[in-house]
Amino acid sequence: MQQHQLAEGNLPVFVFPTELVFYADEQSSHKQVLTLYNPYEFALKFKVLCTAPNKYTVVDSTGAVKPQCCVDIVIRHRDVRPCHYGVYDKFRLQVSEQSQRKALGRKEVTATLRPSASQEPTGARTQDEERRIKEQFADSEFFEQTAFQTESRPVAGGPSLLTVLLGLVCMIALMLPTLGEQESTVPVYLHLSVNKKLVAAYVLGLLTMVILRT
């Protein structure tokens, strides 16, 4: 029976929670955690897909879960503009066996951004809202988070002019003679102490890290 379920891709997937709610005015709510459980006797691979990956950052969107263990998947909302209030997005968690590519099972989780927790309506979600969400996701397209993030970086991105100029200044400072050197054609007032060169090297290292991340 288990083999039939695996072949048909109907393996139950256990994820908590099944709905993510972000609040624009609460910074702490911009980071949510999905917990994926593996109650089976074999390891599972997982992949996280999203209908709007440009709005979210998923830490470790692919990975593995050991038998009878669980993993936490961190999801951050990175675009809390008012135009996204009330819009329902969807995450899909696909699982497969370590040695297979075919998805054995999947689970979908809704995500929405709301302006404030204090404005939350009391009571359960209305039937009309439930129907609208189901219709919205009837033919949803899901995208891989990592691939989309790589492509969505701004074309004009990169280090700023100020960063580049500051880096050049530090490099020039490191090339100048050290204070106390006798054989040098550079004027004495351009000789730098060891401490100043250490500061220049430290700043240059920080700038290099910033440039690599942009």
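Odds and ends about this structure:
- Pair list, Cβ under 8 Å, 6 or more apart: segment 19-46 residue farther than 26 Å from residue 87 by Cα, other residue among the aromatic types (Phe, Trp, Tyr) and not in a helix (DSSP H, G or I): 37/14; 37/16; 38/14; 39/14
- Residue check, residue 58 modelled with pLDDT under 95 and in contact with a Cys (Cβ under 9 Å, 6 or more places away or on another chain): yes
- Within segment 86-106, considering residues that are surrounded by 13 or more Cβ atoms within 10 Å (Cβ to Cβ) and more than 20 Å from the chain's Cα centre (by Cα), the one modelled with the lowest pLDDT: 103
- Residue match in segment 59-78 (condition: free of Cβ contacts under 8 Å to residues at least 40 places away in the same chain, open to solvent by less than 20 Å² (accessible area, probe 1.4 Å), hydrophobic (A, V, I, L, M, F, W, C) and closer than 27 Å to residue 117 by Cα): no
- Residue within segment 26-45 that is β-branched (Val, Ile, Thr) and surrounded by 13 or more Cβ atoms within 10 Å (Cβ to Cβ) present: no
The values are calculated or read from the model by the stated rules, or taken from the named source; none is laboratory data. Just so it is clear, the model here is predicted, and its values are computed rather than measured. No Cβ is skipped: glycine too gets one built from the backbone with ideal geometry, and neighbour counts run over all protein chains shown. Only protein heavy atoms, including side chains, enter the accessible area calculation; ligands, DNA and RNA are left aside. Shrake-Rupley method; radii C 1.70, N 1.55, O 1.52, S 1.80 Å.
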